[in-house]
1. Suppose we keep only residues that are in a helix (DSSP H, G or I) and of a type in the set (S, T, Y) within region 325-372. Which one would you say is farthest from V434 (Cα to Cα)?
2. Helices (runs of 4 or more DSSP H) wholly in region 508-592 with at least 3 residues that are surrounded by fewer than 21 Cβ atoms within 10 Å (Cβ to Cβ) and either modelled with pLDDT under 90 or not hydrophobic (A, V, I, L, M, F, W, C) (or both) - which ones?
3. Check whether at least one residue in region 130-150 is in the same structural domain as A401 (by the TED database), of a type in the set (S, T, Y), touching a residue at least 40 places away in the same chain (Cβ under 8 Å) and in a helix (DSSP H, G or I), and report yes or no.
4. Condition first: among the hydroxyl-bearing types (S, T, Y), open to solvent by less than 20 Å² (accessible area, probe 1.4 Å) and either outside the structural domain of A381 (by the TED database) or not in a helix (DSSP H, G or I) (or both). Can you find one or more residues in region 161-172 that meet it?
5. Whether any residue in region 383-393 is open to solvent by less than 50 Å² (accessible area, probe 1.4 Å), more than 24 Å from A465 (Cα to Cα) and among the charged types (D, E, K, R) is what I want to check.
6. Filter region 535-586 down to the residues that are in contact with a Gly (Cβ under 9 Å, 6 or more places away or on another chain) and among the polar types (S, T, N, Q) and list them by number.
7. Considering only residues that are outside any loop (DSSP other than H, G, I, E, B) and of a type in the set (D, E), look in region 202-243 and name the one that is surrounded by the most Cβ atoms within 10 Å (Cβ to Cβ).
8. Just a yes or no: is a residue in region 244-251 touching a Gly at 6+ places or on another chain (Cβ under 7 Å) and modelled with pLDDT under 85?
Amino acid sequence: MEQVPSRPDVLEAGPPRPAVQYALVALAALLVFAGTLANGFVYDDVQLVLENPWVGSAEAMREVFSQPLFGFLESSTSQDPRHHYYRPLMHVLLFALRQGFGLQAWAYHLALMLMHAAVSALVLWLLRVCLAADPSGPRGRASGWAALGGALLFAVHPVHTEAVAWVSGAMDVGMTLAVLLAARLWLPVPTSPLRALGAGAVWFMGLLFKETPFVLPVLLWALERATASSEARGPLLAQARRYALLGVGFVAYLGLRLMALGSALPSSPAPTDAAHVGGVLALPADLGGKLVWPSPLAVLSPGGPVTSFADARVWGGALCGVALLAGALWAWRRGHTVAQAAGMWLGVPLLPALALQVRGVDAYAERYLYLPSVGFVLLVALALRAVRVRWPDRALALALAGGGGLAAFTLLTLAYVPAWHDDLTLWTYTQETVGERPLIHYNLGNLHLNAGRLEEAIPHLEVAAQALPGEFRVHNNLAVAYAKTGRMKEARRELERTARLMPDNPVAWHNLGLVSRREGDLETAIARFHDALRLAPERVDSLLELGRTLLRAGRAAEAVAPLEAALRLEPGQEAARKTLAEARAAASAPPR
């Protein structure tokens with residue numbers, strides 16, 4: 001009898017040629033985040049892009065290498081240890097975009113989309129290199145399809161929305177791009193001295209985007225073991241020479257950072273109670289779980305802060321740790337160096353986030369998963385290849401399941417991108433997703449305050465102030481809202497609290513001066529403006545208000561000097577020019 005020919009298996013023919021694969025992955029990364037082009041600046045973007053004086057001129061850019069990330073703010077980062085981040089290359093990127101496109105938000109989002117597409121293409125390269133360790137027979141074709149599927153998953157994963165749809169997320173995308181470029185230069189081994197130095201230079205740039213790439217040597221070592229034999233890697237002395245050349249970049253970074261910040265590290269006063277320890281234990285499940293089940297997604301943890309060891313996330317985090325150790329033991333006993341590398345690329349970049357949580361900084365941020373997800377998609381690719389090889393006759397079912405998963409993740413991303421359109425949309429969505437949180441009330445209160453909707457702002461800020469008694473900005477902004485509605489007693493109470501919380505910050509003293517003047521106590525107002533200028537001698541607003549208050553107090557001759565200083569610092573300050581003319585006229589007028 002004549003045999004009926006079996007249905008041809010499209011996967012048996014192998015994946016498209018590499019150029020087509022790279023194009024598909026890059027195109028997927030661009031299309032899924034194309035909606036960000038309609039978004040504006042949100043959250044920290046307001047300070048980093050719109051209010052950042054450093055990115056406005058080449059002369060001001062000299063400050064970025066000697067200051068912390070938010071060093072341009074009056075709530076000085078030298079006073080607030082939680083902001084001891086050294087990321088000058090972020091300012092350089094923003095400066096370049098400002099010079100080329102001004103404040104057109106679409107240009108910033110397009111730059112971030114292109115960076116994400118480049119990262120996704122490099123992820124495909126990394127997966128192809130790792131899975132090609134055993135290319136013989138059908139396993140080679142299975143590896144090609146698995147690498148393509150893993151890279152597409154990275155390109156469209158919803159958990160990347162925070163990093164790609166938020167301009168400030170460029171720090172995470174930029175440092176991941178640098179890590180992958182360094183890996184591209186490092187492989188194949190043995191790495192030549194020139195390539196090792198090049199990788200060190202790229203490492204240096206990645207560190208200037210964000211601190212996380214300090215784990216790069218561990219990641220490169222894992223890749224070496226996954227893609228080359230011990231003979232190819234060479235003797236230990238040769239390996240040490242390669243890593244010494246790589247380390248030149250880290251030494252350069254460390255020198256710049258020490259000169260700018262000294263040994264300061266991000267931290268926050270943290271309790272040592274069970275809730276704090278539970279929060280540390282829960283982080284792997286609370287945050288890392290979003291790689292597997294990316295819903296719901298939000299700026300804040302949908303589960304809220306951990307309050308006890310009874311929280312399911314604590315036990316979930318413990319199980320994640322056990323599973324990771326079990327997987328590492330299995331990979332070690334089987335000699336599966338690619339699986340070992342995937343585990344390291346997933347787990348090691350999460351250690352800085354875990355360290356922040358230990359130090360009391362809330363480390364729940366979906367953007368922290370951007371680099372670790374490289375290891376995650378490598379694990380997914382390994383699993384896809386294993387299933388394909390184990391059940392070769394189920395290729396169609398596997399393709400449909402994989403395609404369905406990619407489609408579902410794509411839809412989740414497309415649905416989440418509009419939430420980042422503007423601040424009001426973002427925080428309203430966050431409130432609907434995670435419920436009532438002090439930080440949400442603080443941000444909604446600020447939005448209403450800045451828009452002049454004072455009666456809507458005050459209730460939000462009051463809730464935030466009650467829940468966050470130690471937060472300087474919350475009480476300061478509530479005081480501003482009180483003052484603008486004529487509630488001077490409440491405004492003074494909040495400002496006095498802000499001055500106690502951060503006595504070296506000029507903002508509180510300046511605002512106390514404004515309140516004292518509104519109350520008619522001109523001498524106290526003058527003293528408070530002097531307090532602000534003692535801390536920030538070139539603060540134009542304080543110079544102007546000091547001059548105005550001195551003039552109102554009948555001390556016109558004394559008002560001239562601060563007003564002249566304000567005009568020297570800001571020649572276009574018309575209010576200072578007009579008040580100075582009045583002060584000079586009053587000072588030269590004959591006494592009555």
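1. So in region 325-372, the residues in a helix (DSSP H, G or I) come out as 325-334, 337-358, 366-369, 372.
Filter once more, keeping what is of a type in the set (S, T, Y): 337, 368.
Numbers: T337: 40, Y368: 19 Å.
For region 325-372, the residue satisfying everything is T337.
2. 522-535, 556-569, 574-588
3. Among the residues of region 130-150, at least one is in the same structural domain as A401 (by the TED database), of a type in the set (S, T, Y), touching a residue at least 40 places away in the same chain (Cβ under 8 Å) and in a helix (DSSP H, G or I), which makes the answer yes.
4. Taking every residue of region 161-172 in turn, none turns out to be among the hydroxyl-bearing types (S, T, Y), open to solvent by less than 20 Å² (accessible area, probe 1.4 Å) and either outside the structural domain of A381 (by the TED database) or not in a helix (DSSP H, G or I) (or both).
5. Yes, region 383-393 contains at least one residue that is open to solvent by less than 50 Å² (accessible area, probe 1.4 Å), more than 24 Å from A465 (Cα to Cα) and among the charged types (D, E, K, R).
6. S542, T549, T579, listed by residue number.
7. E224
8. no
The values are calculated or read from the model by the stated rules, or taken from the named source; none is laboratory data. Keep in mind it's a predicted model, so treat the numbers as computed, not measured. Neighbour counts run over all protein chains shown; Cβ positions are idealised from the backbone, glycine included. What goes into the accessible areas is simple: the full protein's heavy atoms, side chains included, and nothing from ligands, DNA or RNA. Shrake-Rupley method; radii C 1.70, N 1.55, O 1.52, S 1.80 Å.
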